[in-house]
1. Semi-axes, largest first, in whole Å: what does sqrt of 5 times each Cα gyration tensor eigenvalue give for the stretch B:191-331?
2. In terms of the Cα gyration tensor, with a ≥ b ≥ c the square roots of its eigenvalues, is the stretch A:12-146 rounded because a/c is under 1.5, prolate because a/b exceeds b/c, or oblate?
3. Where Rh denotes the Kirkwood radius from the mean inverse Cα pair distance, what is Rg over Rh for the stretch A:404-498?
4. Report, to the nearest 10°, how far helix B:174-204 tilts away from the longest principal axis of the Cα atoms in chain B, using its own Cα long axis and a range of 0 to 90°.
5. Determine the shielding of peptide B:180-186 by partner chains: average, over its residues, the number of Cβ atoms on other chains within 10 angstrom of each Cβ.
6. Sequence-distant or interchain residues sharing an amide H contact under 5 Å with A:L488, placed H: which?
7. What average count of beta carbons from other chains do you get within 10 Å of the Cβ of residues in A:75-84?
8. Could you sort the peptides A:25-34, B:336-345 by per-residue average Cβ neighbour count (10 Å cutoff), highest mean leading?
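What follows is calculated from the coordinates using simple rules that are stated; it is not laboratory data. Because the structure is a prediction, the values reported are computed rather than measured. Note that each Cβ is placed from the backbone with ideal geometry, even for glycine, and that neighbours are counted across all protein chains shown.
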Amino acid sequence: MAISAATKAATDALAVNRAPVSVNAQEVHRWLQSFTWDFEKNRTKYPTKYKMANDTKEQFKLIAKEYARMESVKDERQFGSLQDVLTRLDAGNRVHPKWGETMKVASNFLEVGEYNAIAATGMLWDSATAPEQKNGYLAQVLDEIRHTNQCGYVNYYFSKHYHDPAGHNDARRTRTIGPLWKGMKRVFSDGFISGDAVECSINLQLVGEACFTNPLIVAITEWAAANGDEITPTVFLSIETDELRHMANGYQTVVSIANDEASSKYLNTDLNNAFWTQQKYFTPVLGMLFEYGSKFKVEPWVKTWNRWVYEDWGGIWIGRLGKYGVESPASLRDAKKDAYWAHHDLFLLAYALWPTGFFRLTLPSAEEAAWFEENYPGWYEHYGKIYDEWRARGCEDPNSGFIPLMWFIENNHPIYIDRVSQVPFCPSLCKGASTLRVHEWNGKKHSFSDDWGERMWLTEPERYECQNMFEQYAGRELSEVIAELHGLRSDGKTLIAQPHTSKDGKLWTLDDIKKLNCVFSDPLDAL
Amino acid sequence: MSIEVQSGKRGLTDPAMAGTILAAIPDQPLDTQRKMNYFVKPRGRRLSEYEVLCCYAQPTPDWIPGGLDWGDWTQKFHGGRPSWGNETTELHTTDWHKHRDPANRWHAPYVKDKAEEWRYTERFLRAYSADGQVRSIDPTWRDEVLNDYLGAFCFNEYGLFNAHSSASRDCLGDTLRMSISMIGFDKIDNAQMIQLERTFLAKLVPGFPESTDEPKKEWTQGAIYKGARETVQDIWQATYDWNEILWSAHMVYDPLFGQFVRREFFQRLSSYYGDSLTPFFINQMQLYFSQTKDITGDMFFHCLGDDAEFGDYNRRMLRAWTDKWLPRTVNALKDFMGIFAKVPEIKGVTSKDAVEAALDRVLDDWKRDYADKIGYKVDTAALIKTVLTGLK
């Protein structure tokens, strides 16, 4: 069209129709796929053995400004609830203490996952070639910043309102001391960002988000609400609205590689490794946090796990990907066994090492013991009796001079740490499937607790060299470690961690720990 | 009361459950420190909400300066490369967690601002269209300059946006990572606003092409953006040091080439051609430029350039990087001078004296706000002379 004719046409068009006109987000988004161009050096900085297709689409078709609008609306609702009605109700201090302590861990550890997912999706944004696929990952980058801030906000809120702010107020500094930290880093940090980009996507989006965020972000809200906590549901359910986009991103990752025949050689192995990696930590830790970190119980963890992990994810979600050659992980059956006893095994060790936490733990009460026995027959005979013995020896009382770690030493139950998952286990005491295997490599001993992790290590030992807490602290006295890693309250002498949440119970101090003269050793040295 | 409760029961509102919970809560708090992240050194007098929510979210070990964690990475890349490592950049610091966004923007304030801009953009476009303002745009400016050359600038912004992907993956601090992601997000917003303007014009001007074909051809094959395209490609994909990516994009290329194209060409000239639409979008881009300038200024001048131990070394590296990227940027500007042959000439606006004055403003700003701050010696007159050789 000639230029002058175009102007006339515009004028004529206006004469016919003067209705206001705007442009919606979809009208811009439909051009996005054409924003890129070919050039010689155009390749990712994070190589992948998979080939991601150039024409992959995204399911959530957003532009930057529309993304901001949607998220801003959600923020208004969420922060409005928190800052207005929940504060006026003093909701932050009407949470059962056991659950208030659980949220010190749950919110901060989820924050680590969300934070590392910023970098993970930055890597995927770099790796993808299709602009729409990049755009999907980009929205997730921003989402993960949102979630990092939201998780931080939960701890921030509890710091202000909950009756025991210690641990909430400095989780980012004190979280590194104890036995749960390194395992969390494996699944929530390094597992998302270090490796083949598609392998990381499988860890983050296909397993972490499509599988374990359901119990971690959705199921947890029921447990929270039952225990008086309305803060967590307000924030976490808002987080979950974004997780749908992330699951869609994971789905599209698979779609983008599906047409490459070579993908089938790796995909199911990577999925199996990712599933085992994630479940090895989340299955015991979530079960422990829910069942041992609450007063009111919603349902046995094994049921939640079966519904969300085994049926919903392993069956329906993976089933949908079947047309792309994806199969349910071979390790799913072994994971199902873990869902029964692994969290009970872990609580035993976590409680034994309670001084290294940044939260208070509580032994099961009589009514809780009955609930455990009813839902996990055989629980009392194996675990309940041990807790009775610890309680009888005064494990909650600082004057007793007893922490359960001493019982493990006295009874020759060494605690090892799995090199690949970094999850602690006690082979002589566990009721779950863990068994001890030890390998020597590069002049160092490495312990493992299961076939799947051992196989990952045997294939690529250079990826799993991280020292564990026993190696790191070997030869050092417990109170010294606690003081150095900031495990003290604002008075400078009382421990943040405590072995009870009783309102009348005495709080342990650094001096109480020092009197025990408990020196760390590496159990592998004795082998 | 059973401890297993029905799904949907709430401890805050169920009287029996609430009673049990309240009975377990101590009469007095167990600690007096109610400020989260109280151990963080605030940038201002008090710890801001931004610092509370962002600082030390990253679990880096203490061998990456500023980290609070210990030990090694629990899983590494194939072959053993670490998750994050000091070797990913040539720059050094005593604390990778020192950076702060001067505007204190965590996610919520960031999206709130952008959501307001979107809502206002929609209202503005409706008013603009109903008012018939499109009739006043010079046809050549509209159909050739806006369509082809503003359209092609979309790819410049899209390429720079993509340069932030690896930087957001590899950088070594939490406040850095959030800032880098946000300033990258602003760049794709710029690219999308350009296409939005073209789509809008296509709705108002029958026959105005909405397709990106012509602009892309101009970007990939044309002479006017040749130097720009080659520079953007190198920033995006040929540069691995995440600090160098940010320095080259935000401290050399964009404050010179981007500023000239946006402010001194499209923004300055549009009013002369009856175009009140383009400045609406360019002003949003200029807002993002200004916010980015504050952020990257804090990163490179306050945190790295003034680092107590590595400041001198860092400024030397930044000067070396400027030596590398400035000639390419000057070349991009020189190529861009060809655009003045495409617009209807207006004396004192598109003539050489006006272009030279515009270049002088951009280079003077850059010298004062960037080069001087790292002690980089630059002869702006000589650079202007080189750029003007591209004027047809």
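1. Gyration-tensor ellipsoid for the stretch B:191-331: 34, 18, 12 Å.
2. Oblate shape, in that a/c is at least 1.5 and b/c is the bigger or equal ratio.
3. 1.04
4. 40
5. Counting other chains' Cβ atoms within 10 Å and averaging over B:180-186 gives 4.
6. Distant-sequence amide H within range of A:L488: A:I496.
7. 1
8. Final packing ranking: A:25-34, B:336-345.
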